[in-house]
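First the structure, in the form of C-alpha cells, and then the observations on it.
The values are calculated or read from the model by the stated rules, or taken from the named source; none is laboratory data. Since this is a predicted model, take the numbers as computed values, not measurements. Neighbour counts run over all protein chains shown; Cβ positions are idealised from the backbone, glycine included.
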C-alpha cells in the first residue's frame with residue numbers, strides 16, 4: 001500500500017490536470033485553481049522539509065566531528081540567529097521579514113549576506129579566465145570553429161570590440177603565415193608547396209578579414225547569436241520538452257517509480 | 001625563443017588572476033569608458049516601455065540574488081528610472097526570496113529619487129512559494145495569491161491596486177532572470193494569458209532566451225551587463241553598468257589574448273614533441 005497509494009494519487013492528479021487544461025469548464029476548470037492553491041501550500045511545507053534535512057545533516061557533522069564541522073557550526077548558528085532575530089525584528093516589529101528597514105536584517109543582509117554571495121560568484125571571472133587560457137586549444141577543426149565563434153562573440157558584444165578584433169585576428173593570420181612558412185622550409189616537394197600556399201593565403205586574408213571585422217563584427221556576432229546559436233538551442237529545447245512529456249507520462253502512468261524511493 | 005613560447009603556454013594561474021584583477025580594478029579606478037551602440041533587442045525593450053501611456057502598470061519580477069546583482073541590479077534601476085520618468089505604475093514581486101530585498105531596496109531608492117509614493121505609484125508584493133501556481137493564479141486574480149502587500153496591507157486599500165486584478169491590467173511584465181524562472185513566465189504568463197513580457201537576464205542565460213524573442217513570446221530582451229549598460233545609455237543615466245562594461249571589454253580582450261598565448265604555447269610544445 002505504501003507504493004500503491006502515492007501512485008494512485010499521482011495518476012488521478014495527473015489525469016485531472018491534463019483534462020483541466022483542455023476542458024476549462026466546471027468542474028475541471030475549478031479543479032485547476034484548487035490544485036494551484038494546494039501546490040502553493042505544499043510548496044511552503046517543502047521548505048520545512050528542506051530546513052529539517054539541512055539542519056540534521058549539519059548537526060550530524062558537528063556531532064561526529066567530521067571534516068568541515070566548524071563550517072556546519074557556523075551554518076547552524078547563523079541560521080538560528082537570522083531566524084529568531086528575523087522573526088523578532090522583521091516579522092513582528094516591521095511586519096515583514098523582507099523589510100530592509102529592519103535594522104538587523106538590513107545590516108546582516110546588506111553587509112554580510114550580499115557581499116559573501118557576490119564574492120563567491122565574482123571568483124568565477126578568475127576561474128573562467130584561467131580555464132579559457134588552459135582549455136581553449138585549436139586542436140582540430142571543431143575546436144578551432146568553437147574558438148573563433150567564441151572570440152567573435154566575446155569581442156562583438158563589447159564596446160570597442162570592433163576596433164580591437166581586426167588587429168587580433170590579423171595578428172593570428174600573421175602567426176599562421178609564419179607557422180606555415182617555417183614548416184614549409186623544413187620540407188620538400190609538394191608538401192613544401194602546400195605550406196607556402198598556406199602561408200600566402202594567410203597573408204592575403206589579412207586585409208579582407210581586417211576590413212570585414214572592422215566594419216561588420218557586431219553584425220557577425222549578432223548573426224552567430226541569432227542563427228547558429230538559436231538553431232542549436234531550439235533543437236536542445238525541443239529534445240528536452242519531448243523528454244519532459246515522455247517522463248511526465250511515465251510518472252502519471254506509474255511506469256516511472258524512482259521518485260518514490 | 002622556443003622556451004619562451006613554451007612558457008607562454010604555461011602561465012601560472014595566479015599570474016592570470018592578478019592580470020584579471022588589475023584589469024578590472026584599474027579600468028574602474030581610472031573611469032575608462034567606451035561608447036557603444038545599444039543592441040536592437042535592448043532598444044526595442046526601451047521603446048516598448050517608452051510607448052506606454054502614463055498610468056500603465058509594469059510588473060517587475062525579481063528572480064535573481066546577490067550573485068547576479070552586478071548585471072541585474074543596474075538593469076532594474078535603469079528600468080525603474082524609465083518607468084517613474086514616464087509616470088508608469090510599478091508592481092514588484094519575485095520568485096527568489098533571497099534576492100527579493102535587493103529589488104525592494106532598488107525600488108525604494110529609485111522611487112525616493114522621483115518622489116513617488118508607496119501604494120499610489122508603486123507596490124511591493126513580496127514572495128509566495130509555488131512558482132508556476134503563483135504565475136497561473138496571477139492570471140486569474142492577483143488577490144488569490146497576494147491578498148496583502150509585504151507589510152500586510154490589503155491590496156484593495158492601496159489606491160494603485162484598486163483596478164489591477166490580473167494580467168489584463170498589466171501592460172508589461174519585466175522578468176529579471178538569473179535562472180529558469182524566465183522560461184516559466186513565458187510558459188505560463190505568455191502562453192496561457194498572452195501577457196507581454198520583457199526579460200532581463202544574466203549573460204550566461206541570455207542565449208537560452210533568444211528563441212523566445214524570435215518567436216515573439218517575449219517582446220524584448222536585455223542581456224547581461226551589456227544590456228544593462230545599453231539601457232542606462234538609453235535613459236541618459238550612465239551608472240554602474242556602463243562603468244562595469246569598460247572592465248568587461250578589457251577583460252574580454254585580455255581573455256582572447258590569453259587564449260591566443262595559450263595556443264601559441266600549445267603549438268610550440270606540440271612541434272617540440
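Looking only at residues that are outside any helix (DSSP H, G or I) and touching a residue at least 24 places away in the same chain (Cβ under 8 Å) in the stretch B:129-150, which one is surrounded by the fewest Cβ atoms within 10 Å (Cβ to Cβ)? Let's see the steps before the verdict.
Step one: of the stretch B:129-150, the residues outside any helix (DSSP H, G or I) are B:129-131, B:141, B:145-150.
Next, only the ones that are touching a residue at least 24 places away in the same chain (Cβ under 8 Å) stay: B:131, B:141, B:146, B:149-150.
Details: B:131: 17, B:141: 13, B:146: 21, B:149: 22, B:150: 21.
Residue satisfying both the conditions and the ranking: B:141.
Are any residues in the stretch B:74-103 within 10 Å of chain A (Cβ to nearest Cβ), assigned to a helix (DSSP H, G or I) and out of contact with any strand residue (DSSP E or B) (no Cβ under 8 Å at 6 or more places or on another chain), and if so, which ones?
Scanning the stretch B:74-103 gives a single hit, B:101.
Could you say which residue among B:222, B:218, B:255 is crowded, with 22+ Cβ neighbours inside 10 Å, at pLDDT 95 or above and closer than 20 Å to residue A:153 by Cβ?
Selected residue: B:222, the only one of B:222, B:218, B:255 that is crowded, with 22+ Cβ neighbours inside 10 Å, at pLDDT 95 or above and closer than 20 Å to residue A:153 by Cβ.
Select from the stretch B:213-230 the residues that are in a helix (DSSP H, G or I) and within 16 Å of residue B:69 (Cα to Cα) and list them in ascending order.
Within the stretch B:213-230, B:224, B:225, B:226, B:227, B:228, B:229 qualify.
Within the stretch B:44-62, identify whether any single residue is farther than 24 Å from residue A:129 by Cα, within 13 Å of another protein chain (Cβ to nearest Cβ), within 13 Å of the chain's Cα centre (by Cα) and modelled with pLDDT of 90 or more, and answer yes or no.
yes
If you go through the stretch B:48-73 one residue at a time, how many are touching a helix residue (DSSP H, G or I) at 6+ places or on another chain (Cβ under 9 Å) and in a helix (DSSP H, G or I)?
Qualifying residue count, the stretch B:48-73: 10.
Select, from B:268, B:191, the only residue that is in contact (Cβ under 8 Å) with a residue 40 or more places away in the chain, more than 8 Å from chain A (Cβ to nearest Cβ) and part of a helix (DSSP H, G or I).
B:268
Rundown of residues vs (1) surrounded by 20 or more Cβ atoms within 10 Å (Cβ to Cβ); (2) over 30 Å from residue B:40 (Cα atoms); (3) facing another protein chain (nearest Cβ under 8 Å), yes/no style:
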residue	(1), (2), (3)
A:153	yes, no, no
A:163	no, no, no
A:168	no, no, yes
A:194	no, yes, no
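Out of the residues in the stretch B:224-254 meeting the condition of being touching a residue at least 24 places away in the same chain (Cβ under 8 Å) and within 15 Å of residue A:151 (Cβ to Cβ), tell me which one is nearest to the other protein chains (Cβ to nearest Cβ). Explain how you work it out, then say what you get.
Of the stretch B:224-254, the ones touching a residue at least 24 places away in the same chain (Cβ under 8 Å) are B:224-235, B:237-247, B:249-251, B:254.
Filter again for within 15 Å of residue A:151 (Cβ to Cβ), leaving B:249, B:251, B:254.
Working: B:249: 4, B:251: 7, B:254: 7 Å.
Among those that are touching a residue at least 24 places away in the same chain (Cβ under 8 Å) and within 15 Å of residue A:151 (Cβ to Cβ), it is B:249.
Just one of B:209, B:199, B:176 is under 14 Å from residue B:222 (Cβ atoms) and assigned to a helix (DSSP H, G or I); which is it?
B:209
The conditions are (1) within 11 Å of another protein chain (Cβ to nearest Cβ); (2) in contact with a strand residue (DSSP E or B) (Cβ under 9 Å, 6 or more places away or on another chain); (3) more than 19 Å from residue A:233 (Cβ to Cβ), and residue B:178 fails exactly one of them. Which is it?
All conditions pass for residue B:178, except number (3).
Testing residue B:11 on (1) under 23 Å from the mean Cα position of the chain (by Cα); (2) crowded, with 16+ Cβ neighbours inside 10 Å; (3) not in a helix (DSSP H, G or I), one condition comes back false. Which one is that?
Every listed condition holds for residue B:11 apart from (1).
For the stretch A:128-147, how many residues meet the condition of being farther than 16 Å from residue B:252 by Cβ and in a helix (DSSP H, G or I)?
8
Among A:185, A:202, which is the only one that is assigned to a helix (DSSP H, G or I) and either loosely packed, with under 12 Cβ neighbours inside 10 Å or more than 40 Å from the chain's Cα centre (by Cα) (or both)?
Exactly one residue qualifies, and that residue is A:185.
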